Amino acid sequence: MDTLIIGAGLGGLFTGALLSKQGVRVTVLEKNPTIGGGLQNFVRGGELYETGMHVAGGFTPGDSLYRICSYLGIMDNLDIVRSDVVSSVTYADSGRTYDLPAGRDAFVEYLSGLFPEERKNLECYMDAIVRLSHEENLFYLESGYREHSEEFLMPADRFIAKYISNPELQALLAFVNPLYAGVPGHSPAYLHVMTSVLFIESPCRFGSGSSRLADELKRVIEQGGGQVLTRCEVAKVTVRDMHVTCVTDVRGREYAADSYVSAIHPQSLLDRLDGKAFTAGYSNRLMSIPDTSSAFKVFIRLKPGAVESPGCPVSVTDSSANVWKRDGDWPHTVCCFMSGNHMTVFCLMDFSEVSRWENTRTGHRGAEYEAWKKERTDRVLDLVEKRFPGIRQKADDIFAASPLTLRDWYGTKHAGAYGYFKDCENLVLSQVPVRTKVDNLFLTGQNMNMHGIGGVPMTAIETASAVLGNDFILNDIKQIK
């Protein structure tokens, strides 16, 4: 069997590697010169920067990602650096800093010491997030289907408030909010739950860059007789009688396979379909689902020894009352990730901020854009200064990437940091199955289910199993402890 995958991001590479382990010959076509999507790294001034995967979790023995990567034979090559602290959270208005320890017991004990009246509530809250995380079977590599509870689908902010009374503690427990672009009253609790469990239990990062994971997944595909081709942008997916016959790249080269997997944004796939594939209603639904927020990033190359590494992600929020706030005086929260001799600062930002320049190219966006980017960079640095005083003077180089750059890196129309937005007010809208009405066309990636390192590999298992028509992959992975 031959399978062709469009897109060499996290979803495409994991799906390709899983299929390769089952004897499928896989070809992956990637439009960019570098594979990996959010796993991509780049070098500037001799320093290696990550574009997206700044923090990870789930790579401790027994965890799902550990078992998946062990099954693929790549776990020992990933250079995982573990941390004893999940996150260091600073509120600029009060100057208070909280260093949240890893591990459920240590996490509860630390916060109970600060909020003793909430100890029982914290224990009940932790029991709840673990219980709810088991409602998503593939998160623990379990098979079958479980009915979702009311809590699983309620707004994340309301879920926290159901268990915790103290507003400051409520804010602290929302520390993972930027990792799924949470919106109060809309983002479902399961996103908060799964992200929290993943990072509280086993926080880590890639010591030598996240691109190592992309390279290892590529190696698995090549060892299985497949190939990963860069600078091969797919221009057309030809469909006849509800069956894909071939894909054609922008140079006119055709590629044929038995099955096809789209790992690009569904809206980008629609632009490439040639022939009747989806109903008008289904296509309109895919086009109408909003994306999550995008992001603005500031990269800081530090002078040697100028800043001591905190050894964990650091978030700085202007006030604990604003952890969910998106409007008003941007940014309210910055997330700082230090690696090697540099710091990457991540801030959620709506794509509408840059939509007036969306038809321009890098380096040719004009003076107005450059002035706008500098002003936004200064705002970010002002908030970073609240935790790292004198950061500007301690830097050898500071540069920024707007949502337009992220759009180009990730190949999405509006640079949604975490794919389609999941709204608990209308979850049916954003539920996109991996199977399509085209009999040999499948979908994978963060738009299908949960995003990120905790979700995309699980969707890859589902997609690869759908291509094969069996559960051999899941059954084989479950044998690994």
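The values are calculated or read from the model by the stated rules, or taken from the named source; none is laboratory data. Keep in mind it's a predicted model, so treat the numbers as computed, not measured. In this analysis, Cβ positions are derived from the backbone assuming ideal geometry, glycine residues included, and neighbour counts consider all displayed protein chains. We work out accessible area using only protein heavy atoms, side chains counted, and drop any ligands, DNA or RNA first. Shrake-Rupley method; radii C 1.70, N 1.55, O 1.52, S 1.80 Å.
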In what order, largest first, do ARG365, ARG251 sit by accessible area if the probe radius is 1.4 Å?
ARG251, ARG365
Taking only Cα atoms of segment 29-72, radius of gyration then Dmax in Å:
13.9, 39
In straight Cα distance, which lysines are under 26 Å from LYS21, not counting same-chain residues fewer than 8 positions off?
LYS31, LYS218, LYS478, LYS481
Would you work out if segment 181-286 is rounded, prolate or oblate? Take a ≥ b ≥ c from the square roots of the eigenvalues of the alpha-carbon gyration tensor; rounded if a/c is under 1.5, else prolate when a/b is larger than b/c, oblate otherwise.
oblate
Would you please classify the overall shape of segment 320-393 from the alpha carbon gyration tensor, given that a ≥ b ≥ c denote the square roots of the eigenvalues, rounded means a/c under 1.5, and beyond that prolate means a/b larger than b/c while oblate covers the rest?
oblate
In whole Hz and in residue order, list the ³J(HN,Hα) couplings for segment 211-221 that follow from phi through the Karplus curve 6.51 cos²θ - 1.76 cosθ + 1.60, θ = phi - 60°; x for Gly and Pro.
5, 4, 5, 4, 5, 5, 5, 4, 4, 4, 4
The percentage of the accessible area of the chain (probe 1.4 Å, all protein chains present) made up of carbon and sulfur atoms, to the nearest whole number, is 48
Which residue, chosen from SER465, MET194, LEU269, occupies the Cα position most advanced towards the positive end of the dipole of the chain, where the dipole is computed from +1 (Lys, Arg) and -1 (Asp, Glu) charges on Cβ about the Cα centre?
LEU269
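Could the peptides 351-358, 212-219 be put in order, highest first, of the mean number of other beta-carbon atoms found within 10 Å of their residues? Could you put the intermediate results ahead of the total?
Numbers: 351-358: 16.5, 212-219: 21.8.
Peptide ranking by packing, descending: 212-219, 351-358.
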So how do THR248, THR360 rank on accessible area, 1.4 Å probe, biggest first, that is with the largest at the start?
THR360, THR248
Which chymotrypsin sites (Phe, Trp or Tyr not before Pro) in segment 377-469 sit in a loop by DSSP (not H, G, I, E or B) and have at most 14 other Cβ atoms within 10 Å of their own Cβ?
none
Output ordering of 293-299, 259-265, 220-226, 9-15 (per-residue mean of other Cβ within 10 Å, highest first) is 9-15, 259-265, 293-299, 220-226
Bridge type composition, segment 179-334 - antiparallel percent by DSSP, nearest 5:
80
With +1 on each Lys and Arg Cβ and -1 on each Asp and Glu Cβ, how big is the dipole of segment 19-142 about its Cα centre, in debye rounded to the nearest 20?
500
Ranked output for segments 280-288, 179-187, 456-464 by mean other Cβ atoms within 10 Å, highest leading, reads 456-464, 179-187, 280-288
Taking K and R as +1 and D and E as -1, what net charge do the other residues with C-beta under 15 Å from the C-beta of LYS478 add up to?
-2
Only bridges with both residues in the chain count here: give the DSSP antiparallel percent, nearest 5.
70
Taking Cα atoms of segment 1-135, Rg/Rh with Kirkwood Rh, to two decimals?
1.08
Would you rank ASP408, ASP439 by solvent-accessible area, highest first, keeping every protein chain in place and using a 1.4 Å probe?
ASP439, ASP408
For VAL86, what residues show an amide H to amide H distance below 5 Å, using hydrogens built from the backbone and excluding near sequence neighbours?
LEU100, ALA102
Rounded to 10°, Cα long-axis angle of helix 367-384 versus longest principal axis of the chain
50
Taking max minus min of the Cα coordinates of segment 359-481 on each principal axis, largest first, gives extents in Å of 57, 40, 32
Per residue, how big is the convex hull around the C-alpha atoms of the chain? Give it to me in cubic angstrom, could you?
143
Straight-line reach from LYS303: which lysines fall under 20 Å, measuring Cα to Cα and dropping same-chain residues less than 8 apart?
LYS386, LYS394
Would you work out if segment 419-481 is rounded, prolate or oblate? Take a ≥ b ≥ c from the square roots of the eigenvalues of the alpha-carbon gyration tensor; rounded if a/c is under 1.5, else prolate when a/b is larger than b/c, oblate otherwise.
oblate
Where in segment 72-180 are there GluC sites (Glu not before Pro) that are in a DSSP coil and have at most 12 other Cβ atoms within 10 angstrom of their Cβ?
GLU147
Got a sec to turn the phi values of segment 75-85 into Karplus ³J(HN,Hα) couplings, 6.51 cos²θ - 1.76 cosθ + 1.60 with θ = phi - 60°, whole Hz, x for Gly and Pro?
4, 6, 9, 8, 6, 7, 10, 8, 10, 8, 10
